[in-house]
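*Asks:* Please find one structure pasted underneath; my questions will follow.
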Amino acid sequence: MLCFGHQEPKGKCFVKAIPCAMYRWRHVVKHKQLPKQLTMLEKIKRFFGIKPAADLGLLIACGAKIIDVRSPGEFASGHLKTSVNIPLGSLPGSMAKLKTDDVIITCCASGMRSGSARSMLRSKGYTNVYNGGSWQSLKKYIK
């Protein structure tokens, strides 16, 4: 059986029981399976490090941690059942609870505070952080 349709036996490159977006990205980079011809727009995106949007549903299915950065009052009025409330103001003091290699999705009411939280986490060495936008938009991924 081949891994994700690539030309390598499943036992050689498949490292997790659940295929997830991060694994697929690492696999493509590891095996340098990049397109031979790039359009000018793709070359510019590569030059500036612009990557395609992450599949949040797949990340959540793979066990990503959802951090809701709204205030406790906003969180109490409605939230995702799998999310953890860490208000934006107390995020710097709560970073010790998170591992730097965890896949983290930040969310808030509109996406502004979650964007700030993502930037804050990335500046402290957290590499797999994604802005999920509003918590309402992430509802469709939670079963």
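*Asks:* Taking into account only those residues within region 74-102 that are touching a residue at least 24 places away in the same chain (Cβ under 8 Å) and farther than 16 Å from Gly133 by Cα, which is surrounded by the fewest Cβ atoms within 10 Å (Cβ to Cβ)?
*Replies:* Among those that are touching a residue at least 24 places away in the same chain (Cβ under 8 Å) and farther than 16 Å from Gly133 by Cα, it is Lys81.
*Asks:* For Gly57, all conditions in the list (1) touching a Pro at 6+ places or on another chain (Cβ under 9 Å); (2) at pLDDT below 95 hold save one; what is the number of the exception?
*Replies:* Just one mismatch for Gly57, condition (1).
*Asks:* While we're here: Only residues that are assigned to a strand (DSSP E or B) and touching a Cys at 6+ places or on another chain (Cβ under 8 Å): list them for region 80-108, please.
*Replies:* Of the residues in region 80-108, the ones assigned to a strand (DSSP E or B) are 83-85, 104-108.
Once the filter is applied, which keeps residues that are assigned to a strand (DSSP E or B) and touching a Cys at 6+ places or on another chain (Cβ under 8 Å), region 80-108 yields only Ser83.
*Asks:* Pull up region 129-141, narrow it to residues that are within 15 Å of the chain's Cα centre (by Cα) and surrounded by fewer than 19 Cβ atoms within 10 Å (Cβ to Cβ), then point me to the one that is farthest from Arg70 (Cα to Cα).
*Replies:* Within region 129-141, the first condition is being within 15 Å of the chain's Cα centre (by Cα), and the residues that meet it are 129-135, 137-138, 141.
Still in the list and also surrounded by fewer than 19 Cβ atoms within 10 Å (Cβ to Cβ): 134, 137.
Values: Ser134: 10, Ser137: 15 Å.
Looking at the filtered set, the residue picked out is Ser137.
*Asks:* For Ala117, indicate whether it is touching a Cys at 6+ places or on another chain (Cβ under 8 Å) and in contact (Cβ under 8 Å) with a residue 12 or more places away in the chain. So that I can check it myself, show each step before the final result.
*Replies:* Numbers: touching a Cys at 6+ places or on another chain (Cβ under 8 Å): yes; in contact (Cβ under 8 Å) with a residue 12 or more places away in the chain: yes.
Yes; evaluated as a whole, the condition is true for this residue.
*Asks:* Right, another one. Only one of (1) over 11 Å from the mean Cα position of the chain (by Cα); (2) of a type in the set (A, V, I, L, M, F, W, C); (3) within 13 Å of Gly133 (Cβ to Cβ) fails for Ile105. Which number is that?
*Replies:* With respect to (1) over 11 Å from the mean Cα position of the chain (by Cα); (2) of a type in the set (A, V, I, L, M, F, W, C); (3) within 13 Å of Gly133 (Cβ to Cβ), Ile105 is out only on (1).
*Asks:* If you don't mind, there's one more thing I want to ask. So Gly57 ticks every box in (1) within 13 Å of the chain's Cα centre (by Cα); (2) in contact (Cβ under 8 Å) with a residue 24 or more places away in the chain; (3) in a loop (DSSP other than H, G, I, E, B) but one. Which box is left unticked?
*Replies:* (3) is the only condition that Gly57 fails.
The values are calculated or read from the model by the stated rules, or taken from the named source; none is laboratory data. From a predicted model like this one, the values you see are computed outputs, not experimental measurements. Neighbour counts run over all protein chains shown; Cβ positions are idealised from the backbone, glycine included.
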